[in-house]
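Novice: Before I ask anything, let me first share the structure, which is written out below as structure tokens.
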Amino acid sequence: MRDSTKIIRSTLSRTVPGEPLHAGPVFAAPYHTPGDPADTPYTYARSHNPTWTALEKAIGQMESGQLATGESYQATALVFASGMAACAAVFGAVLRPGDVVVLPSNAYYTARVLLQEYFAPMGITLRMAPTAENAQAKLLEGARLLWLESPSNPGMEICDIAQLSEAAHRAGALVAVDNTTPTPLGQLPLALGADFSVASDTKSMTGHSDLLLGHVAVRDPELRAKIDQWRTLTGAALGPMEAWLALRSIATLPLRLERSCENAQRIAEFLTSRKEVTSAFYPGLPTHPGHAIAKKQMRYFGPVLSFVLQDKKSADMFLSKSSLLTEATSFGGVTTTAERRAKWGGDAVPDGFIRMSAGCEAIEDLLEDITQALDATQ
Ligand SMILES: Cc1ncc(COP(=O)(O)O)c(C=O)c1O
């Protein structure tokens, strides 16, 4: 089956005459547990919930695939209250005092801060290098965990996930990939050899800018058990209503992703033709230094692109003159959004750096709007 068919079918409830196609969310804290709790599939909502199970089944299917050896694998997914809760679960379940974690110096800012401010003071050593040119490869000796993010956010740098996973495994390290930007439909970290595929499903996966959630997917049942235990112990539990809305939203992921990635490509190509744009970063551009690797490991180049205007004034002018680029942080929604990234601090980007997330609007309207907003910066 093709992606759309597979995903849509995976979100349906069991066929029971007279029952709805989509079972509603299950709102419960405790469940009836007469006798031995081991005989009961659901006991208490911090550990499990039937609506999570349905969502995890669908995401697990998306994360499943084939390894480079040709061997098929079935992934399992665990859902979390946010993308950061999912990242924290991998750090918490894997890292112990004395361990070394290798990560990109330009990985998603909040994940870096969590490691720097909470894990490092507990005796975990952080080794960092940029994402581009597989720079982490030189830092792997004695490492416990290699954390990757490709494309990196917001710089859109690319690394070779298969090559780095192999090197990390040779060094005895586990590999986790923050796969938020591409989603499992755009890139399958587990098929490329990673041990954990981690994502904020707040973004493209659910795509309507109204939900906060994340997931971790694995191939190995032992790693699954560790992540599951972390979730139960820390209570990083997703609400059933969010899980249900997410299940509804992911059925349209193939449609949304296809359109938004096409739009991102067209916008990135257009930006490179404009004199106001000093540089544009999108892995789908043949001039991007990571294009060849991206082409090899991604099925879609993602909805996010970034570019640089002359300075803060030009970037602010561009954003204020546009009527179709909603100024907001985050990305991956059906609405095209953009922001001047330096206003948040934390990322090493120039003042005129704009991160844009292409939505699903008609490309002609977006290009017209971007043209007039760029003209206004002159
Ligand atoms: C790449 C990446 N990873 C993780 C996160 C964290 O996700 P959440 O905001 O759902 O906690 C984000 C959020 O922006 C992100 O961009």
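The values are calculated or read from the model by the stated rules, or taken from the named source; none is laboratory data. Owing to the predicted nature of the structure, the values given are computational and were not obtained by experimental measurement. When we count neighbours, we look across all protein chains shown, and the Cβ atoms used for this are built from the backbone with ideal geometry, even at glycine.
Novice: For segment 107-131, enumerate the residues that are buried (at least 18 other Cβ atoms within 10 Å of the Cβ) and away from the ligand (no atom under 11 Å from the Cβ).
Specialist: Of everything in segment 107-131, those that are buried (at least 18 other Cβ atoms within 10 Å of the Cβ) and away from the ligand (no atom under 11 Å from the Cβ) turn out to be Leu115, Phe119, Ile124, Met128, Ala129, Thr131.
Novice: Restricting attention to segment 206-218, which residues are more than 9 Å from the ligand (Cβ to nearest atom) and buried (at least 24 other Cβ atoms within 10 Å of the Cβ)?
Specialist: Thr206, Gly207, His215, Val216, Ala217, Val218
Novice: Scan segment 121-177 for residues that are in contact with an Asp or Glu (Cβ under 6 Å, 6 or more places away or on another chain), more than 23 Å from Thr287 (Cα to Cα) and not aliphatic (A, V, I, L, M) and jot them down.
Specialist: Hit for segment 121-177 is Arg144, nothing else.
Novice: With the structure loaded, tell me whether Pro254 is of a type outside the set (Ser, Thr, Tyr), in a loop (DSSP other than H, G, I, E, B) and either over 23 Å from Ala68 (Cβ atoms) or touching a Phe, Trp or Tyr at 6+ places or on another chain (Cβ under 9 Å) (or both) or whether it fails that test. If you could, list the steps in order and put the result at the bottom.
Specialist: Numbers: of a type outside the set (Ser, Thr, Tyr): yes; in a loop (DSSP other than H, G, I, E, B): no; either over 23 Å from Ala68 (Cβ atoms) or touching a Phe, Trp or Tyr at 6+ places or on another chain (Cβ under 9 Å) (or both): yes.
So Pro254 fails the test.
Novice: It is to be established whether one or more residues within segment 36-54 are hydrophobic (A, V, I, L, M, F, W, C), over 30 Å from Ala168 (Cα atoms), at pLDDT below 95 and assigned to a loop (DSSP other than H, G, I, E, B).
Specialist: No, segment 36-54 has no match at all.
Novice: So if I check each of Ala54, Ala86, Ala93, which one is within 16 Å of the ligand (Cβ to nearest atom) and touching a residue at least 40 places away in the same chain (Cβ under 8 Å)?
Specialist: Just one listed residue meets the conditions, Ala86.
Novice: Across segment 153-167, what is the total count of residues that are modelled with pLDDT of 95 or more, within 16 Å of the chain's Cα centre (by Cα) and crowded, with 24+ Cβ neighbours inside 10 Å?
Specialist: Within segment 153-167, residues that are modelled with pLDDT of 95 or more, within 16 Å of the chain's Cα centre (by Cα) and crowded, with 24+ Cβ neighbours inside 10 Å number 4.
Novice: Now, a different point. If the Cβ limit is 6 Å and pairs must be 6+ apart or interchain, which residue in segment 322-333 that is farther than 18 Å from Leu211 by Cα pairs with which residue that is small (Gly, Ala, Ser)?
Specialist: Ser322/Ala373; Leu325/Ala338
Novice: Just to be sure I understand the filter: pairs with C-beta atoms under 6 Å, separated by 6 or more residues or on different chains, first member in segment 99-121 and without any contact (Cβ under 8 Å) to a residue 24 or more places away in the chain, second member away from the ligand (no atom under 15 Å from the Cβ). Which pairs pass?
Specialist: The qualifying pairs are Ala120/Leu126.
Novice: Something else now. Working only within segment 298-326, note down all residues that are over 24 Å from Gly186 (Cβ atoms) and of a type in the set (Phe, Trp, Tyr).
Specialist: Once the filter is applied, which keeps residues that are over 24 Å from Gly186 (Cβ atoms) and of a type in the set (Phe, Trp, Tyr), segment 298-326 yields only Phe318.
Novice: For segment 224-249, which positions are among the β-branched types (Val, Ile, Thr) and either in contact with a helix residue (DSSP H, G or I) (Cβ under 6 Å, 6 or more places away or on another chain) or under 16 Å from Cys87 (Cβ atoms) (or both)?
Specialist: Ile227, Thr234
Here's the yes/no breakdown for (1) under 26 Å from Ser204 (Cα atoms); (2) exposed (fewer than 11 other Cβ atoms within 10 Å of the Cβ):
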site: Val16; (1), (2): no, yes
site: Val26; (1), (2): yes, no
site: Ala29; (1), (2): no, yes
site: Pro34; (1), (2): no, yes
site: Ala38; (1), (2): no, yes
site: Tyr42; (1), (2): no, no
site: His48; (1), (2): yes, no
site: Leu55; (1), (2): yes, no
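Novice: Given the criteria of a type in the set (Asp, Glu) and either surrounded by fewer than 18 Cβ atoms within 10 Å (Cβ to Cβ) or farther than 28 Å from Ala86 by Cβ (or both), does Glu276 qualify?
Specialist: Yes, satisfied.
Novice: Spot the failing condition for Ala85; the list is (1) among the hydrophobic types (A, V, I, L, M, F, W, C); (2) closer than 21 Å to Gly193 by Cα; (3) modelled with pLDDT of 95 or more, and only one is missed.
Specialist: For Ala85, the failing item is (2).
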